[in-house]
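> Take a look at the following structure, please.
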Amino acid sequence: MEIIRKTLSTCPICHKKIDACLIERDKKIFMQKECPEHGDFMLSVSDHPWYYKGLTEYYFSVMPDKMRQNRFYIYLSNKCNLNCPICLLEPNQGKFPDISLSQFEQTIKENKSSRFYLYGAEPTLRRDLDQWIKLLKRYGNLVNMHTNGIKLVDYDYLKALKECGLDYVCVQFDGFSDKAYNILRGQDLVAKKLKALDNLSSLGISTGLNVTIAKGVNEDQIKPILEYAVNNPFIKDTSFASLSFLGSANSNFSSDSLLMPEDIIDMIEKQTEGKISRKDVFLFQKLYYALLSAFNIRRCYNFQQIALLRDKVSGYVAFTSLFDEERLEKDLDKYRDLVKKNRKLAVFYLFFRLIINFIRGNVFAKLRLIPIMIFLPGKKLNMKIPSGLLLLSFGTVCDFYKYDSSIAKYCGQGFCLEDKSNKVVLTDSISDLTLFYQEKICK
């Protein structure tokens, strides 16, 4: 047995923080932890030690100790027009009071030019949703809404939100099987989901698909969802996330159904017959982490990405195919080594080498595919991801089984909440917000 690193996690039963370590055993990676009261727990993390060890070593090497937060989630309402058996937020129970617009206005004045994500239970049940969007846009922010999409079947309603300034919509979309929706969401939803997506397409609203994958339920939907996303350029990203054991899922599903991001990567590699390979994801992740490091942007290790280029002949190819991949990996490894000694020099080296590598071949065609603007700060920030680019992610939300404090410190999700004095604050990340305990605390 080899100990890869030590961290803190939580006991799945009593929820107390406990020591944990990541180990390699029998050619697999596990999280091993022991609760003094409830005994040992072992979570399978990866069947590919080369991948996990190589990627975590790179991630923790290049990410700075302190990083700014510029993405904040606003929990608009505990109300929902669904009661999903997998919902981690336990809707329609009045556990969280709706945050008021007037209460929030001073906070937004003090925190301009960020990305705000409107979510809920279901944000479209707020009658003043249009006013929230207008307020956020007034102060130069990006506005992304996470929704189940049911109210978006109303074209005029969606059009009105767009006219208020809504930039981006992420829609729950678990595939094309009503059988799966009945298990995951409690009712047939395919027709409504497709109608909502048709409206988003007609209005030209940039859209993301948020897909929950549950073992034995909808794994077979990964390839059809991918093909749908590739063939519809209004879809800019697709996030495949495993079911997490919080809220309703605790009582409706077994922990035997746990999936980690790497399990989903295995599935997509198999279903695409290697067209999207683990090696492709590995290289893109290193590039992604290097860029996050250079721009000082937080992102969670447990959401891994790959970018695809839409291609008329083959459907899609990996983004890293734009580069000399062997040379790219050497440059990224050199950046990792340099960043430990001199970060400014390392950043200069990274961009110099990326430009040299990139300009080989048809540079003008390549430039159309680079979403440079999504990295820029301030009012220049926008969500205009090129139509030729599709971002995929494979992830999981922290729960009491999977929580890893070393990763959580880099969480890219800040939250807008009331603190103990009833003031609306922007929390730093999940690492200082005890989300599991549903406490209202801040840094």
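> Of Cys35, Cys84, which residue is of a type outside the set (S, T, N, Q) and assigned by TED's automatic domain parsing to the domain that holds Gln285?
Working: Cys35 fails: assigned by TED's automatic domain parsing to the domain that holds Gln285.
One residue alone meets the criteria, Cys84.
> Identify all residues within the range 58-104 that are among the charged types (D, E, K, R) and within 16 Å of Tyr117 (Cβ to Cβ); write none if there are none.
Arg71
> Related question: Just need a number here: residues in the range 265-299 that are touching a Phe, Trp or Tyr at 6+ places or on another chain (Cβ under 7 Å) and of a type in the set (Asp, Glu).
The total comes to 0.
> Pick out the one residue from Lys270, Lys286 that is in a helix (DSSP H, G or I), crowded, with 20+ Cβ neighbours inside 10 Å and not hydrophobic (A, V, I, L, M, F, W, C).
Values: Lys270 fails: crowded, with 20+ Cβ neighbours inside 10 Å.
Going through Lys270, Lys286 in turn, the sole match is Lys286.
> Scan Gly140, Gly149 and give me the residue that is over 24 Å from Thr396 (Cβ atoms) and in contact (Cβ under 8 Å) with a residue 12 or more places away in the chain.
Gly140
Every residue, every condition in (1) outside the structural domain of Glu273 (by TED's automatic domain parsing); (2) in contact with a helix residue (DSSP H, G or I) (Cβ under 7 Å, 6 or more places away or on another chain); (3) crowded, with 16+ Cβ neighbours inside 10 Å, yes or no:
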| site | (1), (2), (3) |
| --- | --- |
| Cys300 | no, yes, yes |
| Arg310 | no, yes, yes |
| Gly315 | no, yes, no |
| Lys330 | yes, no, no |
| Asp337 | yes, no, no |
| Asn342 | yes, no, no |
| Phe348 | yes, no, no |
| Phe352 | yes, no, no |
| Ile355 | yes, no, no |
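So that you can scan it fast, the table gives a plain yes or no per residue for (1) of a type in the set (Asp, Glu); (2) part of a loop (DSSP other than H, G, I, E, B); (3) more than 30 Å from Pro261 (Cβ to Cβ):
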{"site": "Asp40", "(1), (2), (3)": "yes, no, no"}
{"site": "Tyr51", "(1), (2), (3)": "no, no, no"}
{"site": "Asp65", "(1), (2), (3)": "yes, yes, no"}
{"site": "Tyr73", "(1), (2), (3)": "no, no, no"}
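Results for (1) surrounded by 18 or more Cβ atoms within 10 Å (Cβ to Cβ); (2) touching a residue at least 12 places away in the same chain (Cβ under 8 Å), shown as yes or no for each residue.
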| position | (1), (2) |
| --- | --- |
| Asp40 | no, no |
| Ser44 | no, yes |
| Lys66 | no, no |
| Gln106 | no, yes |
| Phe116 | yes, yes |
| Met145 | yes, yes |
| Tyr155 | no, yes |
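The values are calculated or read from the model by the stated rules, or taken from the named source; none is laboratory data. Quick caveat: nothing in here was measured; it's all calculated off a predicted structure. We place every Cβ from the backbone using ideal geometry, glycine too, and count neighbours over all the protein chains shown.
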